[in-house]
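Novice: Next up is a structure, given as structure tokens.
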Amino acid sequence: MTAPISSERNPVRINAAVRSPMSFRMLAWLYFALLLVPWALSYIEGLEVRGWYEELVTLLSILGLSMMIFQFFLTARVDAVASQAGVDNTMRLHTRMGEYLGYLVLLHPFLIVAPRFFIAPSFALSDTWELFTQPETSTGMYAWCLMLVWVLMAVFKDKTGLSYESWRYTHSAGFVAIIILATHHAITIGRHGRYNAWYDVLWIVLCAIAVALVVYVYFVRPRLVARQPFRVLECSKGSDADWYLTITKDGEFPFDFDAGQFTWISSSKSVFARNEHPFSIATTRRALPNISYVIRELGDYTRQLGKLQPGQRVWVDGPHGVFTLNARNATGVVLIAGGAGIGPIMGILRELADRKDKRPVRLVYGNRDIGQMLFLNEIAAIEADLNFDALLVLERPPEEFAGARGYIDAAVLSRFTEEPDALNRDYYICGPPIMVKAVEQTLLTLGVPQERILYEQLGF
Ligand SMILES: Cc1cc2nc3c(=O)[nH]c(=O)nc-3n(C[C@H](O)[C@H](O)[C@H](O)COP(=O)(O)OP(=O)(O)OC[C@H]3O[C@@H](n4cnc5c(N)ncnc54)[C@H](O)[C@@H]3O)c2cc1C
């Protein structure tokens, strides 16, 4: 039932597995601090300080452009940054900030004309029309209209009918156009074109870096990925809904990871196709040169996994992510998995078993029905090796079922949060985004401190 494990070890580390990552909160603070830098620099220009409203609009406009540019930085997968911040954290921040950015940019022209509705209401509508149509603001307007469409496409990406890959290409290409237009708008009309040349150069350089990062992701990164080819060892059904995929290194190159991390996998012939999907590793480094995944059928790619043939080439970008046991000081570990979330949770559980960890380890594992439960024998066997307790939760349990019925809710979780010292333990949640959010919220209401909760959502 379990994914194959080989005992071969590879002692060399590249792609530095994350050792001391930034928390999501630290990343968010750093991000906000960096966002404010261009705005703070604008005051070095020595331009007169106007009324509070004009200054506020200037702040929001500069923030909007900085955020637009920084969105590219958050998705770039540059190893030096990713190993500190974690690609899962940066992607999460990218998604959240995207929403605020949408509001900020869409409000931008209205914030500029709003005072006219109070000062000269009879001219306000014609002034607004002029603002939208005058040649000087045309690049800004094109950026604004494109932004409106692209933000809606991001919010409703599952309803656009586009495959995720097509959506992703369109998203990147559209935002490259938006950032170029927006930068042109900022340097020609920003604060009425009165900024000094060096400030304009700053925006041009930032815009150029953002575009270069897209070039890196699509054209340079694949060359790095091509240096670590893998091939399929086995792809078999684990349950009606899940596949076990095991791949193996195809050559002598250093590769290492920490339990709980994920990789992007592409089975396209060309490494440049970027038809890649993120999946979390279910094994530990003890299994190298093999790595295994639990993959739930969800859409066009995961439903066709059965077509993968042993020996077939797969490209692996990673490892990535900070959903690991590293740099934590907890007195125990509570693992909470929903559906395919059992993949990385098993990776972490296996790591704890490999280490013969003495701390209390608890597992809550939920699924719809018993046929979807994976690794049950291995979980039972681990019970003998660790200070371990597991609770299975099923929405539709069979008659004779010893676990909990329903969802992973407060009643289920309180069984573990009421144990002595439970609030000093780390809570690792992995599953579909909706389940992860619900469990996190429940843990918080049960008194678990936010900094004790780590999660990986199976979707950005
Ligand atoms: C960090 C991370 C780890 C994951 N680990 C696992 C795992 O171990 N097991 C598992 O079954 N699933 C995992 N997922 C989810 C998995 O990536 C998607 O289910 C899969 O990509 C769906 O592809 P599809 O073409 O079959 O479905 P689609 O119908 O194309 O996509 C369904 C949804 O999956 C997401 N998705 C699709 N393609 C991508 C992509 N290339 N990049 C990011 N998101 C995408 C989108 O939200 C999309 O709406 C993980 C996701 C993330 C972000």
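FYI, it's all coordinate maths here, none of it is from the lab. Everything numeric here is computed off the predicted structure, so don't read it as measured data. Using ideal geometry, Cβ is built from the backbone for each residue, glycine included, and neighbour counts are taken over all protein chains shown.
Novice: Around Arg116, with a cut-off of 14 angstrom between Cβ atoms, what is the net charge of the other residues, counting Lys and Arg +1 and Asp and Glu -1? Please report the intermediate quantities before stating the final value.
Specialist: Details: positive: none; negative: Glu54, Asp127, Glu130.
That sum, taken over residues with Cβ under 14 Å, equals -3.
Novice: I would also like to ask the following. Set the Förster radius R0 to 45 Å, insert the Cβ-Cβ distance between Glu45 and Phe253 as r into 1/(1 + (r/R0)^6), and round the FRET efficiency to 0.05. Display every interim value, and only then the final one.
Specialist: Details: r = 50 Å, r/R0 = 1.11.
Efficiency computed from Cβ-Cβ geometry: 0.35.
Novice: Assuming a viscosity of 0.890 mPa s and a temperature of 25 °C, what translational diffusion coefficient in µm² per second does Stokes-Einstein assign to the chain, Rh being the Kirkwood radius over Cα pairs?
Specialist: In µm²/s, the coefficient is 101.
Novice: Right, here's the next one. At R0 = 60 Å, how high is the FRET efficiency between Asn326 and Cys145 if r is their beta carbon distance? Nearest 0.05 is fine.
Specialist: Working: r = 45 Å, r/R0 = 0.75.
The pair Asn326/Cys145 has a calculated efficiency of 0.85.
Novice: What does the net charge come to around Glu130 if you take all other residues with beta carbon closer than 14 Å to its beta carbon, with K and R at +1 and D and E at -1?
Specialist: On the way: positive: Arg116; negative: Asp127, Glu136.
Around Glu130, the surrounding residues sum to -1.
Novice: Right, something else. Give the lysines whose C-alpha is closer than 21 Å to that of Lys269, dropping any in the same chain fewer than 8 places away, or say none.
Specialist: Counting by Cα, and skipping residues close in sequence, Lys269 has these lysines nearby: Lys249, Lys307.
Novice: Where in the chain is the longest stretch that carries no GluC sites (Glu not before Pro) classed as loop by DSSP and with at most 15 other Cβ atoms within 10 Å? Spell out each step's value before the answer.
Specialist: On the way: sites that count: Glu8, Glu48, Glu252, Glu399, Glu400, Glu418.
In the chain, the maximal stretch lacking such sites is 49-251.
Novice: Output ³J(HN,Hα) for region 220-228: one whole-Hz value per residue in order, computed from phi by the Karplus curve 6.51 cos²θ - 1.76 cosθ + 1.60 with θ = phi - 60°, and x for Gly and Pro.
Specialist: Once rounded to whole Hz, the list reads 9, 3, x, 5, 5, 5, 5, 6, 10.
Novice: Quote the FRET efficiency, to the nearest 0.05, computed for Gln304 versus Leu224 with a Förster distance R0 of 30 Å and r equal to the Cβ-Cβ distance. Intermediate results must be reported in sequence, preceding the final value.
Specialist: Numbers: r = 27 Å, r/R0 = 0.89.
It comes to 0.65.
Novice: A follow-up question, please. Starting from the amide H of Val334, placed 1.01 Å from N in the peptide plane, find each other amide H under 5 Å away whose residue is 5 or more places distant or on another chain.
Specialist: HN-HN under 5 Å from Val334: Arg362, Asp426, Tyr427, Tyr428.
Novice: Something else about it: Please label the shape of region 385-460 as rounded, prolate or oblate, based on the square roots a ≥ b ≥ c of the eigenvalues of the alpha-carbon gyration tensor (a/c under 1.5 means rounded; beyond that, a/b larger than b/c means prolate, else oblate).
Specialist: On the way: a/c = 1.72, a/b = 1.18, b/c = 1.46.
Since a/c reaches 1.5 but b/c is at least a/b, the shape of region 385-460 is classed as oblate.
Novice: Which ³J(HN,Hα) values, rounded to whole Hz and listed in residue order, are derived for region 175-189 from phi using the Karplus coefficients 6.51, -1.76 and 1.60 in 6.51 cos²θ - 1.76 cosθ + 1.60 with θ = phi - 60°, glycine and proline given as x?
Specialist: 6, 5, 4, 4, 5, 5, 5, 5, 5, 4, 4, 5, 7, 8, 10
Novice: Using DSSP, restrict attention to beta bridges with both residues in the chain and report what percent are antiparallel, rounded to the nearest 5.
Specialist: Details: 27 of 53 bridges.
Taking every DSSP beta bridge with both residues in the chain, the antiparallel ones total about 50 percent.
Novice: Using only Cα atoms and rounding to the nearest 10 degrees, what angle (0 to 90) does helix 138-155 make with the longest principal axis of the chain?
Specialist: Its long axis makes an angle of about 20 degrees.
Novice: With a cut-off of 8 Å between alpha carbons and a minimum separation of six or more residues, what is the relative contact order of region 24-220 in percent? Numbers along the way, then the final one.
Specialist: Values: 136 pairs, mean separation 50.2, N = 197.
After rounding, I find 25 percent.
Novice: Using helices alone, what [θ] at 222 nm do you get for the chain, with -39,500 (n - 2.57) per DSSP H run of 4 or more residues, divided over all residues and rounded to the nearest 500?
Specialist: Values: 13 runs with 208 residues, N = 460.
Counting only the DSSP helices, I get -15000 deg cm²/dmol.
Novice: Could you run the Debye sum over the Cα atoms of region 229-320, one equal point scatterer each and no solvent, and tell me log10 of I(q)/I(0) at q = 0.15, 0.20, 0.21, 0.24 Å⁻¹, two decimals?
Specialist: Values returned for q = 0.15, 0.20, 0.21, 0.24 Å⁻¹ are -0.51, -0.95, -1.06, -1.42.
Novice: OK, next. Residues with beta-carbon under 11 Å from that of Val334, excluding Val334: net charge, scoring Lys, Arg +1 and Asp, Glu -1? Display every interim value, and only then the final one.
Specialist: Working: positive: Arg359, Arg362, Arg415, Arg425, Arg452; negative: Asp389, Glu419, Asp426.
Local charge sum for Val334: +2.
Novice: Relative contact order for the chain using alpha-carbon pairs under 8 Å, separation at least 6, rounded to a whole percent?
Specialist: Working: 750 pairs, mean separation 76.0, N = 460.
Once divided by the residue count of the chain, the mean separation gives 17 percent.
Novice: Taking only Cα atoms, what is the 0 to 90° angle, nearest 10, from helix 342-355's long axis to the longest principal axis of the chain?
Specialist: 60 degrees
Novice: Right, next: Restricting things to alpha carbons, tell me how big region 333-457 is in terms of Rg and Dmax, in Å.
Specialist: In Å, with Rg to one decimal and Dmax whole: 13.4, 39.
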